[in-house]
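See structure below.
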Amino acid sequence: MKKIALIGSTGSIGVNTLKVIESHPDKFRVVSLAAGKNADLLLEQARKFKPALICIRDREQAALLKSKLARTGIRVVWGEEGLIEASSCANADTAVFSVVGAQGLRPLIAAIKSGKNICFANKEPFVIAGELINRLAAKHGVKILPIDSEHSAVFQCLEGKKKDEIRRIILTSSGGPFRAVTSRELRKVTVRDALNHPRWKMGKKITIDSATLMNKGLEVIEAANLFNMPVDKIEVLIHPEAIIHSLVEFIDGSHMAQLAIPDMRIPIQYAIGYPERLDSNGLPRLDLTHVRRFHFEKPDMEKFPCLGLGYEAKRTGGTMPAVLNAANEMAVGSFLEGKISFVDIPLRIERVMKKHRVVRKPGLEDILESDRWAREVFNAGRSVGCR
Ligand code: MG
């Protein structure tokens, strides 16, 4: 029986994680749940899964939850301190992270230090602090298991393989909703167009990142950090059917790939069940005669400059990935608020990156300081109205 701390329980990954847990009641038990703002859903989840502890961001909401859960024995905590408590909850052995953005970093580090295996869906901590996380995971003897579908695929292909047998890692991408539009049309896309992803149902931030291909840029950095590979051995391949979730080419020219229907419950289940492979309990199965054709193309780096920015940030290294990530979070926020256009997103990120003085071999404080700096510089750029 694995005892799970679920950090980010009301988002799309969190909800799907609970579905996986529910379909294997003999394998998993929830011991803590943490959410941002959705108190109603958190309450419902707490009543159903009966964890020892729940956490919500806001103090008033925590007080309300506390009164509603009186006499259940469920403790209610709040804020960043609460999030750290939920992540390092003493009776959990596995922590699942799916909070948006860089805010998950401190709780993630707390979970590693308390000896939990980490299943992570939110890539940002691994993008901005991959080396630090690897170092800590090795020190505390914990496993780091990816939930991101591409990285789960690569992880599965690499099981039992030696690193010097790898020629390259090929991350697939559906290409997002604007794969077939022209650069000219791209200038006019609206928030609504960008939120309409053709293959995956996800939160807003990651859906916009998928439309700009920044999601793939972040995934390139994530893969380099997770598999300890030079960034130039990681390639991106557009595959609109989203059935092949990624590939590895070995030195003898053999390619291995992982294929499945595009449903996040499959990589979630692989990560939390690891090293066991569990039954998919009634999920639709992949029928290749139904898919019939696979398509592949190279990504258009000119139309989607965010992908190139991802490579550039990792090549530069140090604190630059943290700056890329923070500037991107700000740019996506501004786009969603209607303050900048879709094609402004990469321009605004690049402007912040150009101003950054990189810190080599950064510690946690350097990373958090660069994150803060990038947000401030992004805002300064906005207030003087440069476009
Ligand atoms: Mg992905």
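Annotations for the structure displayed:
- Contact order normalised by residue count of the stretch 47-204, Cα under 8 Å, 6+ apart, percent: 14
- Additional length obtainable on full extension of the chain from Asp287 to Ser341, 0.36 nm per residue less Cα span: 15.5 nm
- Between Lys354 and Arg71, the C-beta separation translates, for a Förster distance of 41 Å, into a calculated FRET efficiency of about 0.10.
- For the chain, the dipole from Cβ point charges (+1 on Lys and Arg, -1 on Asp and Glu) about the Cα centre works out to 600 debye, to the nearest 20.
- Packing-based ranking, highest mean first, of 257-266, 275-284 given that Cβ atoms within 10 Å are counted: 257-266, 275-284
- Fully extended contour minus Cα-Cα distance, from Val191 to Asn38, at 0.36 nm per residue: 52.8 nm
- The Cα center of the stretch 335-362 and the Cα center of the stretch 90-128 differ in position by 25 Å.
- For the stretch 129-255, a/c is not less than 1.5, where a ≥ b ≥ c are the root eigenvalues of the C-alpha gyration tensor, and a/b tops b/c. That puts it in the prolate class.
- The order of Trp373, Trp200, Trp78 by accessible area, most exposed first and with a 1.4 Å probe, is Trp78, Trp373, Trp200.
- Computed about its Cα centre, the charge dipole of the stretch 42-194 is approximately 140 debye, with only Lys, Arg, Asp and Glu carrying charge at their Cβ.
- The chain, relative contact order in percent, only Cα pairs under 8 angstrom and at least six apart counted: 15
- What the stretch 189-337 shows is 44 Å² of accessible area per residue, with the surface traced by a 1.4 Å probe over protein heavy atoms.
- Portion, in percent, of the accessible area of the chain that falls on carbon or sulfur, probe 1.4 Å: 50
- Cβ-based net charge around Lys19, under 11 Å, with every Lys or Arg adding one and every Asp or Glu removing one: -1
- Net charge in the neighbourhood of Ala92 (other residues with Cβ under 12 Å of its Cβ; Lys, Arg +1, Asp, Glu -1) is +2.
- Spin-label model distance (nm) - Arg277 vs Asn228, 7 Å beyond Cα toward Cβ: 2.5
- Ordering of 18-29, 293-304, 108-119 by packing is 108-119, 18-29, 293-304, highest average first (other Cβ atoms within 10 Å, averaged per residue).
- Per residue, the solvent-accessible area of the stretch 12-105 (1.4 Å probe, heavy atoms of protein chains only, all protein chains present) comes to 48 Å².
- Point-to-point label distance, Ala137-Ile261, nm (Cα→Cβ direction, 7 Å offset): 2.9
- Pairs beyond 26 Å (Cα-Cα), from Lys201/Lys355; Lys314/Lys339; Lys162/Lys233; Lys143/Lys163; Lys204/Lys339: Lys201/Lys355; Lys314/Lys339
- Stretchable slack from Ala63 to Lys27, in nm (0.36 nm times residue separation minus alpha-carbon distance): 9.7 nm
- Selection from Ile268, Phe227, Ile244, by position along the positive dipole direction of the stretch 218-279 (Cβ): Ile268
- Positive end of the dipole of the stretch 236-307 (Cβ unit charges, origin at the Cα centre): among Gln258, Thr289, Met301, the Cα lying farthest that way belongs to Thr289.
- Summary of packing: across the peptides 168-177, 235-244, the per-residue average of other C-beta atoms within 10 Å ranks them, highest first, as 168-177, 235-244.
The values are calculated or read from the model by the stated rules, or taken from the named source; none is laboratory data. Keep in mind that this is a model prediction, so the values were computed, not measured. Cβ coordinates were reconstructed from backbone atoms using ideal geometry, including for glycine residues, and neighbour counts include every protein chain displayed. Side chains included, ligands, DNA and RNA excluded: accessible areas come from the protein's heavy atoms. Shrake-Rupley method; radii C 1.70, N 1.55, O 1.52, S 1.80 Å.
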